[in-house]
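These notes concern the structure reproduced below.
The values are calculated or read from the model by the stated rules, or taken from the named source; none is laboratory data. Only a predicted model underlies this, so the values are computations on that prediction, with no experimental measurement involved. Note that we place each Cβ from the backbone using ideal geometry, even for glycine, and neighbour counts take in every protein chain shown. Accessible surface areas use protein heavy atoms only, side chains included; no ligands, DNA or RNA. Shrake-Rupley method; radii C 1.70, N 1.55, O 1.52, S 1.80 Å.
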Amino acid sequence: MTTPPEPGLSAIMSERRHLTNLAYRLLGSLAEAEDAVQETYARWYALSREQQDAVESPGAWLTTVASRICLNLLGSARARRETYVGEWIPEPLPGPTEWPGRAGSADPADRVTLDESVGMAFLVVLESMTPAERVAFILHDVFRYSFPEVAGIVGRTPAACRQLASSARRRVRAAQAPASPAARHASVVRDFKQAWEAKDITALIGVLDPEATAIADGGGRALTFLHPIEGAEQIARAWIELAHRALGTTTLAERTVNGQPGLVAQRDGTTQTVYAFDVADDRIKHIWVIRNPEKLRPWLTD
């Protein structure tokens with residue numbers, strides 16, 4: 001006897017993209033986001049048919065479960081990152097048309113919508129928040145859930161959730177300078193690339209903010225600098241040294257990184273490093289260097 005199809009299956013599965021977008025912003029890791037979404041669906045299908053039918057809004061149920069899973073993961077992630085080798089940077093994402101090996105085979109529901117809420121500078125600020133602040137802020141300010149809805153998800157009062165989101169908002173305002181227009185951002189990154197390839201230290205210093213910071217994430221799996229490099233001259237010297245050592249065997253390409261202009265270094269067609277930039281007042285204020293191969297999966301061909 002054939003089991004009748006589950007009512008509303010397409011509606012349930014249509015939530016996947018929303019859940020992936022939510023989980024990536026909450027966790028800063030596509031791999032962890034995919035795991036959280038998979039666990040969310042596992043819990044849904046663990047319900048009996050009667051229990052599923054009793055859920056008034058399956059979409060709201062899935063969002064609540066996914067958010068709570070992410071909240072728990074954020075708490076354990078803090079402990080894991082205390083033992084992480086070097087700095088931890090959120091996992092970078094390519095542009096929607098730049099997913100090597102995925103464009104023709106991956107379900108579009110796996111893709112994250114790229115907007116200002118996934119910019120690397122924004123995600124880095126989120127890392128400074130407590131798990132509860134991050135969840136309340138993302139649910140309310142990014143996904144527009146009401147505070148009573150947020151309260152039901154995180155298990156706090158609406159007033160407490162309002163305070164959490166307000167505290168998170170202050171962190172964002174304090175950390176972020178007004179962003180440069182996309183075209184100017186791209187021009188500054190291009191100037192940096194050309195100066196780097198030319199090994200022109202004066203030009204590099206000129207495109208960097210005097211108090212710029214460079215941070216790298218190798219995760220103990222790829223060679224890179226372990227501590228932040230501070231100051232335009234120090235960064236320029238480090239990049240000139242890198243140019244002498246690596247640019248002969250590496251090609252640099254301009255790519256979209258988390259919705260903004262960035263650079264990708266490839267060797268023999270394989271992505272080795274992704275560079276994300278924070279640009280303000282026509283100068284680069286932050287450079288994030290991601291070399292941990294576990295965080296470069298979306299950039300690799302199958």
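Out of ALA216, ALA198, ALA165, ALA160, report the one residue that is touching an Asp or Glu at 6+ places or on another chain (Cβ under 7 Å) and without any contact (Cβ under 8 Å) to a residue 40 or more places away in the chain.
When all the criteria are applied, what remains is ALA165.
So in the range 199-210, with the set limited to residues that are more than 24 Å from the chain's Cα centre (by Cα), at negative phi and not β-branched (Val, Ile, Thr), which one is least open to solvent (accessible area, probe 1.4 Å)?
Here the answer is LEU204.
Go through the range 227-253 and report how many residues are open to solvent by 30 Å² or more (accessible area, probe 1.4 Å), farther than 20 Å from GLU87 by Cα and at pLDDT below 95.
Number satisfying all stated conditions: 7.
Taking only pairs six or more apart or across chains, which ones have beta-carbon atoms under 6 Å, a first residue in the range 222-239 that is of a type outside the set (D, E, K, R), and a second residue that is in a strand (DSSP E or B) and loosely packed, with under 15 Cβ neighbours inside 10 Å?
ALA232/PRO210
Would you confirm whether or not the range 43-51 contains a residue that is part of a helix (DSSP H, G or I), surrounded by 13 or more Cβ atoms within 10 Å (Cβ to Cβ) and either at pLDDT below 95 or not acidic (Asp, Glu) (or both)?
Within the range 43-51, one or more residues are part of a helix (DSSP H, G or I), surrounded by 13 or more Cβ atoms within 10 Å (Cβ to Cβ) and either at pLDDT below 95 or not acidic (Asp, Glu) (or both).
If you go through the range 258-269 one residue at a time, how many are out of contact with any Gly (no Cβ under 8 Å at 6 or more places or on another chain) and modelled with pLDDT of 90 or more?
Here the count works out to 7.
Test GLU39 against the criterion of being open to solvent by 20 Å² or more (accessible area, probe 1.4 Å) and either at pLDDT below 95 or assigned to a loop (DSSP other than H, G, I, E, B) (or both), and give yes or no. Even if it seems obvious, please write down each step before you answer.
On the way: open to solvent by 20 Å² or more (accessible area, probe 1.4 Å): yes; either at pLDDT below 95 or assigned to a loop (DSSP other than H, G, I, E, B) (or both): no.
The answer is no for GLU39.
When residues of the range 219-269 are filtered for being in a loop (DSSP other than H, G, I, E, B) and farther than 25 Å from ASN21 by Cα, how many remain?
Filtering the range 219-269 for residues in a loop (DSSP other than H, G, I, E, B) gives 219-228, 231, 247-250, 258-259, 268-269.
Remaining after also requiring farther than 25 Å from ASN21 by Cα: 220-228, 231, 247-250, 268-269.
Here the count works out to 16.
Report, by residue number, each residue of the range 131-177 that is among the β-branched types (Val, Ile, Thr) and within 17 Å of the chain's Cα centre (by Cα).
VAL135, ILE138, VAL142, VAL172
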